[in-house]
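Inspection log for the structure reproduced underneath, given as structure tokens.
We did not get these values from a lab; they are worked out from the coordinates using the rules stated. In this text, all values refer to a predicted model and were calculated from it rather than measured experimentally. All Cβ positions, even for glycine, are placed from backbone atoms using ideal geometry, and neighbour counts span all protein chains on display.
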Amino acid sequence: MIRVTRRRSGGRARTGLKRTQWRARSRPPLRCRVLVTASASPVLVLVNPQDIVNIASAVRIAKNFGIERMRLVDPEVFDPYRIEGIAHNTADFVARIEIVPTLAEAVADCVRVAVLTGRERAAKRRTLRPREAAAELRQASLEGPVAVVAGREDSGLTNAELDLCGLVVTIATDPRHPSLNLAQAVAIMAYECWNAAGGEDRPLKPPRKRADPATAAQLEELFADWQRALWAIDFFKTRQSESVMRSFREIVHRGELDGREASLVRAMGIEVVRFLDRTRAQ
């Protein structure tokens, strides 16, 4: 993909200043540094973000779900130090954030652009749920860069900005309280993009201490000791022992115990008998 990083001629990239402060200063021409990169994950674009906490939250979410690139369109404030203080262990990601003046520039190299919005508009636009949109973006990423765009916290995107986005994504919410925080919406969409890329197919971590499945011999010892325990507490006084034990066997088999678990359950039955013996000896 084409990555454009805006830098000031003869100076540092702007950081830690509010937009009004940026505009109050004279702006020399911007230089563009073009790098070629490749990634199937979408570019996350935040348009005119106003809250540093929302930017930091989006950075953390991006790291959580394998998003490698973020572009900020004319942010109100941008302070890498504060962002890294809120979203820990993200310095590598923050260093790659690109700041651009317009949404058109932010998505210029993208072959498919999806925008998150909850506002109803008069114009008919193709609208999808996050999971459907994530699948389309994943497929389109085989042809080139794709982007997920989130608008301003207070007013979203203008119609002109929406015109730059081919997919409109809405998140189903309770109509009595439909508004989502920017970071919440980004998290839902990022999660779906992660799943579309196979993230949910990753195996769960196994237990720290894995044991082999319980053997038939171990289970028979368990059943025998528990049958003695149930006789000891007169559980079979008004019940058919064979029927009860058959049901007990089915319950244990459904649990698919490993050897360690079978030994623990068996020890419980043994201790019931020992406790009764100690009580009677007193």
Subject >> Top-ranked residue in the stretch 167-201 [being farther than 27 Å from residue 40 by Cβ and among the hydroxyl-bearing types (Ser, Thr, Tyr); ranked as surrounded by the fewest Cβ atoms within 10 Å (Cβ to Cβ)] >> reply: 179
Original post:
Which residues, counting only those in the stretch 66-98, are in contact (Cβ under 8 Å) with a residue 60 or more places away in the chain and surrounded by fewer than 21 Cβ atoms within 10 Å (Cβ to Cβ)?
Top reply: 66, 69, 77, 79, 80, 81, 82, 98
Original post:
Any chance the stretch 115-130 includes a residue that's in contact (Cβ under 8 Å) with a residue 12 or more places away in the chain and among the acidic types (Asp, Glu)?
Top reply: no
**OP:** Could you check how many residues of the stretch 131-141 are over 21 Å from residue 105 (Cβ atoms) and either in contact (Cβ under 8 Å) with a residue 60 or more places away in the chain or among the acidic types (Asp, Glu) (or both)?
**Re:** 6
Subject >> Residue within the stretch 175-197 that is farther than 20 Å from residue 58 by Cα, in a loop (DSSP other than H, G, I, E, B) and aliphatic (A, V, I, L, M) present >> reply: no
**OP:** Would you mind telling me which numbered condition in (1) in contact (Cβ under 8 Å) with a residue 12 or more places away in the chain; (2) part of a loop (DSSP other than H, G, I, E, B) residue 227 fails?
**Re:** (2)
Original post:
Can you tell me which residue in the stretch 143-166 is surrounded by the fewest Cβ atoms within 10 Å (Cβ to Cβ), limited to those that are farther than 15 Å from residue 45 by Cβ and touching a residue at least 60 places away in the same chain (Cβ under 8 Å)?
Top reply: 154
**OP:** Please work out which residue is surrounded by the most Cβ atoms within 10 Å (Cβ to Cβ), limiting yourself to the stretch 230-261 and to residues that are over 30 Å from residue 280 (Cα atoms) and in contact (Cβ under 8 Å) with a residue 40 or more places away in the chain.
**Re:** 257
Subject >> Whichever residue in the stretch 40-56 is of a type in the set (Val, Ile, Thr) and within 20 Å of the chain's Cα centre (by Cα) and, among such residues, is surrounded by the most Cβ atoms within 10 Å (Cβ to Cβ) >> reply: 55
Original post:
Of all the residues that make up the stretch 143-159, how many are touching a helix residue (DSSP H, G or I) at 6+ places or on another chain (Cβ under 7 Å) and farther than 15 Å from residue 68 by Cα?
Top reply: 2
